[in-house]
Amino acid sequence: MKHSTIPKKFYMRNPKEVAVDLLGKIVTRRYGEKIISGYIVEVEAYYGREDPASRARRGGNLAETMRGEVGVALIYGIHRQWLFNVVAHEKDSVGAVLIRAVHPLKGLELMMKFRGTSNLKELTNGPGKWTKAFKIDKKFHGTPLYLEGGELKITEGLRIEKDRIQYAFRIGVSRDLPTPLRFYIKDDPYVSRRRRNV
DNA sequence: CGCCAGATTGACT
DNA sequence: GTCAATCTGGCGG
């Protein structure tokens, strides 16, 4: 079954709305002749200067990217991980959506190879884990995700019922906004787990 | 230029 | 439970 890519204008909205609507969409990575794919099960929205947890606050290249063209990848390196975001915001605004976890569909063997583990449950259930499984790194920074022939793209996927969408405060941020900006699919085994006693 | 902090993960006491 | 690895940008903590 063939899925078409999500058009650029999809990302030209409030990051929170884009985040919710990205749940169930499919991320596809073409690696040579092989395909690695999975559907999005957990996301977080980030804003501009008004958001104390946003990278856009610091300025620099990442802030410029968050301010720039929507629908492109923003790769954020931290703690030896590459975190993957999609730039999303309204006109003349700033924002991005962090993809925190995906549910594997195709290319399981490659994912296990790239992750260095055969533990299926741990393959893609975290922001740094799934990017490693998909072999996504800095080289994709700025790549448009709406091109049909792209090496990395986001396409239509599963339809997620409203009552299966849960929300919560963002994970790992020390200063959050007063609104829940983390969204995930209820009961999906690949949603990241908060570490106990932290 | 060095140090700090942050949207994390995995190894080890 | 604790700690370190390592990318980025700001600041002189």
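Scanning the stretch A:109-121 finds one or more residues that are touching a helix residue (DSSP H, G or I) at 6+ places or on another chain (Cβ under 7 Å), of a type in the set (S, T, N, Q) and more than 18 Å from A:PHE84 (Cα to Cα).
For the stretch A:57-77, filtering for residues that are within 15 Å of DNA strand C (Cβ to nearest atom) and either acidic (Asp, Glu) or without any contact (Cβ under 8 Å) to a residue 40 or more places away in the chain (or both) leaves 12. With (1) more than 20 Å from A:PHE140 (Cα to Cα); (2) part of a loop (DSSP other than H, G, I, E, B) as the list, and A:HIS103 as the residue in question, which single condition is left unmet? With (1) more than 20 Å from A:PHE140 (Cα to Cα); (2) part of a loop (DSSP other than H, G, I, E, B) applied to A:HIS103, the lone miss is (2). For the stretch A:106-131, a residue qualifies if it is in a helix (DSSP H, G or I) and surrounded by fewer than 21 Cβ atoms within 10 Å (Cβ to Cβ), and the qualifying residues are A:LEU108, A:GLU109, A:LEU110, A:MET112, A:LYS113, A:PHE114, A:ARG115, A:LEU120, A:LYS121, A:GLU122, A:GLY128.
The set of residues from the stretch A:80-100 being part of a strand (DSSP E or B) and closer than 21 Å to A:LYS25 by Cβ comprises A:TRP82, A:LEU83, A:PHE84, A:ASN85, A:VAL86, A:VAL87, A:ALA96, A:VAL97, A:LEU98, A:ILE99, A:ARG100.
The set of residues in the stretch A:38-62 that are at pLDDT 95 or above and more than 9 Å from DNA strand B (Cβ to nearest atom) comprises A:GLY38, A:TYR39, A:ILE40, A:VAL41, A:GLU42, A:VAL43, A:ALA45, A:TYR47. Looking at A:ARG115, A:ARG100, A:ARG175, A:ARG159, just one residue is in contact with a Ser or Thr (Cβ under 6 Å, 6 or more places away or on another chain) and charged (D, E, K, R), and that residue is A:ARG100.
Consider the stretch A:168-189 and keep the residues that are in contact (Cβ under 8 Å) with a residue 24 or more places away in the chain and touching a Leu at 6+ places or on another chain (Cβ under 8 Å). The one that is farthest from DNA strand B (Cβ to nearest atom) is A:ILE185. Taking every residue in the stretch A:137-166 that is more than 17 Å from A:PRO189 (Cα to Cα) and pairing it with any residue that is within 16 Å of DNA strand B (Cβ to nearest atom) and assigned to a helix (DSSP H, G or I), at least 6 positions away or on another chain, the pairs with Cβ-Cβ distances below 7 Å are A:GLY142/A:THR65; A:LEU152/A:PHE140.
Only a single item in (1) surrounded by fewer than 17 Cβ atoms within 10 Å (Cβ to Cβ); (2) within 14 Å of DNA strand B (Cβ to nearest atom) is not met by A:GLU33, and it is number (2). Do we have A:VAL86 as in contact with a strand residue (DSSP E or B) (Cβ under 6 Å, 6 or more places away or on another chain), modelled with pLDDT of 95 or more and surrounded by 23 or more Cβ atoms within 10 Å (Cβ to Cβ) here? It is true that A:VAL86 is in contact with a strand residue (DSSP E or B) (Cβ under 6 Å, 6 or more places away or on another chain), modelled with pLDDT of 95 or more and surrounded by 23 or more Cβ atoms within 10 Å (Cβ to Cβ). In this structure, does A:VAL94 turn out to be over 22 Å from A:TYR184 (Cα atoms) and within 11 Å of DNA strand B (Cβ to nearest atom)? Criteria met by A:VAL94. Candidates A:ALA63, A:ALA73: the one that is over 22 Å from A:PHE114 (Cβ atoms) and of a type in the set (A, V, I, L, M) is A:ALA63. Of the residues making up the stretch A:37-55, those that are surrounded by fewer than 24 Cβ atoms within 10 Å (Cβ to Cβ), farther than 19 Å from A:PHE169 by Cα and in contact with a Phe, Trp or Tyr (Cβ under 8 Å, 6 or more places away or on another chain) number 0.
The values are calculated or read from the model by the stated rules, or taken from the named source; none is laboratory data. Computed from a prediction, not measured in an experiment: that's the story for all the values here. Glycine also receives a Cβ, built like all others from the backbone with ideal geometry; neighbour counts cover every protein chain displayed.
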